[in-house]
Every structure is written in structure tokens, then in C-alpha cells.
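Have a look at the structure below before the remarks.
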Amino acid sequence: MKLAIGCDHGAIELKEQLVAHLEKKGYEVIDKGTYTKDSCDYPVYAKQVCESVLSSEAELGILLCGTGIGMSIAANKVKGIRAALCSDCFSAQATREHNNANVLCMGARVLGPELAFRIADTFLEAKFSNDERHIRRISMLED
């Protein structure tokens with residue numbers, strides 16, 4: 001599976017650790033940046049990851065910033081993206097099963113690497129339930 005990942009300057013270390021973790025698990029990771037700790041604007045990287053998902057360059061995306069909040073807000077402004085800010089495994093699984101989320105957002109200043117790895121693994125392994133009620137609700141978001 002191909003994944004797109006992006007971060008701002010506040011999450012570069014977690015991004016690098018997460019990329020190594022995901023590649024070790026066999027995922028093909030497309031790193032959309034940032035690549036330095038220089039201050040940058042998170043919406044730029046959110047847009048790049050979202051465009052990668054929408055164009056099918058990647059199946060799913062992961063966005064990281066200090067809290068995950070800014071990336072989540074920016075990603076959800078892109079039509080067709082359903083980004084979920086998760087800080088626990090239950091939410092990561094539920095958002096894939098119920099909301100068919102296509103972008104996971106996490107906060108590097110909120111989570112340690114090991115928990116971030118478990119959340120990402122849970123998100124990537126979970127599948128959309130295809131229940132009629134969830135399909136109906138998601139279609140309401142697209143209108």
C-alpha cells in the first residue's frame with residue numbers, strides 16, 4: 001500500500017520515525033515534507049498529502065504537526081478528504097470503519113512515538129464497514 005505523509009517543523013522527528021516504522025512494515029511511503037526544522041506553514045503540507053490521496057498517488061495519508069489540530073483543519077477543507085485527528089487506537093479504528101477516513105492526523109507534542117506507531121498501524125489495518133448507515137452519512141458530508 002502506498003501512503004503519503006507530511007508534517008510541519010514541529011513534527012519532523014516523529015515523521016522520520018514513523019516513515020521508518022511504516023517502511024519496515026512493508027508500506028511504500030511518499031514523503032511530502034517538510035524536511036527541516038525551519039518554521040513552515042502546515043497548510044502547504046496538508047494540501048500536498050491530500051492531493052496525493054485524491055489523485056490516487058497514495059491510498060491513504062498521514063499528517064503530523066505539534067497537536068494535529070492544524071493539519072486536521074487544513075485537510076478537512078479539501079473536498080473529498082475525511083481527515084481524523086486521533087490520539088488513541090479505538091478512534092483510529094472507528095474512523096476507518098465508520099467514517100471511511102482517508103487521512104490520519106496526529107500531534108507530535110501529544111503522542112510518543114510508540115503510541116503514534118500503534119495508532120497508525122490500527123488506522124491502516126482497519127477497513128470501512130460498508131454499512132448502509134455509514135455510507136448514507138458520508139454522502140451527506142460530500143453534498
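A few remarks follow.
- To the nearest ten degrees, helix 12-24 and the longest principal axis of the Cα atoms of the chain are 60 degrees apart.
- Computed from Cα positions, the angle between helix 132-142 and the longest principal axis of the chain comes to roughly 60 degrees.
- Spatially close Lys pairs in the chain, defined by Cα atoms under 15 Å apart and a spacing of eight or more places or different chains, total 9.
- Charges were assigned to the Cβ only: +1 to each Lys and Arg, -1 to each Asp and Glu. The resulting dipole of the chain about its Cα centre is roughly 240 debye.
- MRE, 222 nm, helices only [DSSP H, n ≥ 4, -39500 (n - 2.57), over the chain, to nearest 500]: -15000 deg cm²/dmol
- Orientation-averaged projected area, Cα convex hull of the stretch 2-142 (nm²): 7.4
- In the stretch 1-80, the C-alpha radius of gyration followed by the widest Cα-Cα span (Dmax) gives 11.6, 32 angstrom.
- Relative to the longest principal axis of the Cα atoms of the chain, the long axis of helix 113-125 lies at roughly 30 degrees.
Rule-based calculations on the coordinates, nothing more; no lab input. Every value quoted in this text rests on a predicted model; they were computed, and no experiment measured them. We place every Cβ from the backbone using ideal geometry, glycine too, and count neighbours over all the protein chains shown.
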